[in-house]
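For reference, the structure is listed below as structure tokens.
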Amino acid sequence: MKNKKSLMRSIAAAPHVFWAVLFIVLPLIIVVYYAFTDSEGGFTFSNLASLSEYAPIFGLSIELAVIATFICLLVGYPLAYIIAKAKPKNQKLFIMLLMLPMWTNLLIRTYSIMAILDDGGFLNSLLNTSMHIVGTKGAVIFGMVYDFLPYMVLPIYTCISKIDKHMWEAASDLGCNPFFVIVKVIFPLSMSGVISGVTMVLVPSISTFYISQKLGGGTFELIGDTIERQFVTGALNVGAAISLVMMVLILLSLTVMNRFSEDEEGGIIV
């Protein structure tokens, strides 16, 4: 009987294993192979050694991603708190409104932002000004925040909505005003949601390329643009080396975030 159940589980898991190997493991192996080989297939470290010239691009990508993540947290936490405090019926409405833009393709959303921020776009027409926004770092950050804000709000909202309401009441009874209830009670208990939200926003913000291409106007280049350019121009080995470094950085950040999350769940963070 146990062997039969084990066989059925193996059969059920087979499609998932096949999918993971084909679309996760195999591409990673290909990236590693190209990162450590030259154009003729010989083993080399020259691709990794040449990445020092891309250090400013790495720095700019991390800088914009951190700023966008911070803004998402600054906007997303109060929004998640408001949604969690709303009546159950209104919560569903707010979540639907939050997710509604995500039903539209990223390409269309980015073009919509361009139409709003462009020199002759809706914003300049509304304000009757001639501000040049597209082609600036601010426009790219705005695009990141607009596209990735739901990824910050949803995990925080989930954590806050699971907090026992009696803890809020107890803090109020002990003399905390609403601000200190959030600071001393709600925020520490929702830290795992904050960590998840930061991770879910920071990772795609660092590696994005389409948002920076369209809203950056080609005035500067982020690491995602560099990787795409390397592959388009046929420099597969350098592009793979940059991708490998990005994967390592992302895995390190995820490891750190998970460690903080585990510490928080275990009550170490206070």
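The values are calculated or read from the model by the stated rules, or taken from the named source; none is laboratory data. All of these numbers come straight from a predicted model, not from anything done at the bench. Counting neighbours? That spans all protein chains shown, and the Cβs are built from the backbone with ideal geometry, glycine included.
Condition first: surrounded by fewer than 16 Cβ atoms within 10 Å (Cβ to Cβ), more than 22 Å from SER39 (Cβ to Cβ) and not charged (D, E, K, R). Can you find one or more residues in segment 217-226 that meet it?
Scanning segment 217-226 turns up at least one residue that is surrounded by fewer than 16 Cβ atoms within 10 Å (Cβ to Cβ), more than 22 Å from SER39 (Cβ to Cβ) and not charged (D, E, K, R).
Any residue at all in segment 246-268 that is surrounded by 21 or more Cβ atoms within 10 Å (Cβ to Cβ), at negative phi and either modelled with pLDDT of 85 or more or assigned by TED's automatic domain parsing to the domain that holds MET152 (or both)?
Pass one, segment 246-268, residues surrounded by 21 or more Cβ atoms within 10 Å (Cβ to Cβ): none.
Checked segment 246-268: no residue is surrounded by 21 or more Cβ atoms within 10 Å (Cβ to Cβ), at negative phi and either modelled with pLDDT of 85 or more or assigned by TED's automatic domain parsing to the domain that holds MET152 (or both).
Kindly indicate whether ALA49 is under 29 Å from ALA241 (Cβ atoms) and under 20 Å from the mean Cα position of the chain (by Cα).
For ALA49, the condition - under 29 Å from ALA241 (Cβ atoms) and under 20 Å from the mean Cα position of the chain (by Cα) - is not met.
Which members of segment 109-155 meet the condition of being over 30 Å from VAL194 (Cβ atoms) and not in a loop (DSSP other than H, G, I, E, B)?
Taking segment 109-155 and keeping what is over 30 Å from VAL194 (Cβ atoms), we get 111, 114-115, 118-132, 134-135.
If the condition is that a residue be over 30 Å from VAL194 (Cβ atoms) and not in a loop (DSSP other than H, G, I, E, B), then TYR111, MET114, ALA115, PHE122, LEU123, ASN124, SER125, LEU126, LEU127 are the ones that fit.
Going by the structure shown, is LYS162 exposed (fewer than 13 other Cβ atoms within 10 Å of the Cβ) and of a type in the set (D, E, K, R)?
In short, yes.
Among (1) on the phi < 0 side of the Ramachandran plot; (2) in contact with a Ser or Thr (Cβ under 8 Å, 6 or more places away or on another chain); (3) modelled with pLDDT of 85 or more, which single condition is GLY135 missing?
Only one criterion is unmet by GLY135, namely (1).
Residue-by-condition table, conditions (1) assigned by TED's automatic domain parsing to the domain that holds ALA80; (2) assigned to a loop (DSSP other than H, G, I, E, B); (3) closer than 18 Å to PRO155 by Cα; (4) modelled with pLDDT under 85:
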{"residue": "ALA170", "(1), (2), (3), (4)": "yes, no, no, yes"}
{"residue": "VAL181", "(1), (2), (3), (4)": "yes, no, no, yes"}
{"residue": "ILE186", "(1), (2), (3), (4)": "yes, no, yes, no"}
{"residue": "GLY193", "(1), (2), (3), (4)": "yes, no, yes, no"}
{"residue": "LEU202", "(1), (2), (3), (4)": "yes, no, yes, no"}
{"residue": "SER205", "(1), (2), (3), (4)": "yes, no, yes, no"}
{"residue": "ILE211", "(1), (2), (3), (4)": "yes, no, no, no"}
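Among the residues of segment 79-134, write down those that are crowded, with 17+ Cβ neighbours inside 10 Å and among the hydroxyl-bearing types (Ser, Thr, Tyr).
TYR81, THR110, listed by residue number.
The rows are residues; the columns are (1) hydroxyl-bearing (Ser, Thr, Tyr); (2) assigned to a helix (DSSP H, G or I); (3) in contact (Cβ under 8 Å) with a residue 24 or more places away in the chain.
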site: ARG9; (1), (2), (3): no, yes, no
site: ALA14; (1), (2), (3): no, yes, no
site: TRP19; (1), (2), (3): no, yes, no
site: VAL32; (1), (2), (3): no, yes, yes
site: GLU40; (1), (2), (3): no, no, no
site: SER52; (1), (2), (3): yes, yes, no
site: LEU60; (1), (2), (3): no, yes, yes
site: GLU63; (1), (2), (3): no, yes, no
site: THR69; (1), (2), (3): yes, yes, yes
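Condition check: modelled with pLDDT of 90 or more, assigned to a helix (DSSP H, G or I) and among the hydroxyl-bearing types (Ser, Thr, Tyr). Does THR226 satisfy that? First the steps, then the outcome.
Working: modelled with pLDDT of 90 or more: yes; assigned to a helix (DSSP H, G or I): yes; among the hydroxyl-bearing types (Ser, Thr, Tyr): yes.
Yes; evaluated as a whole, the condition is true for this residue.
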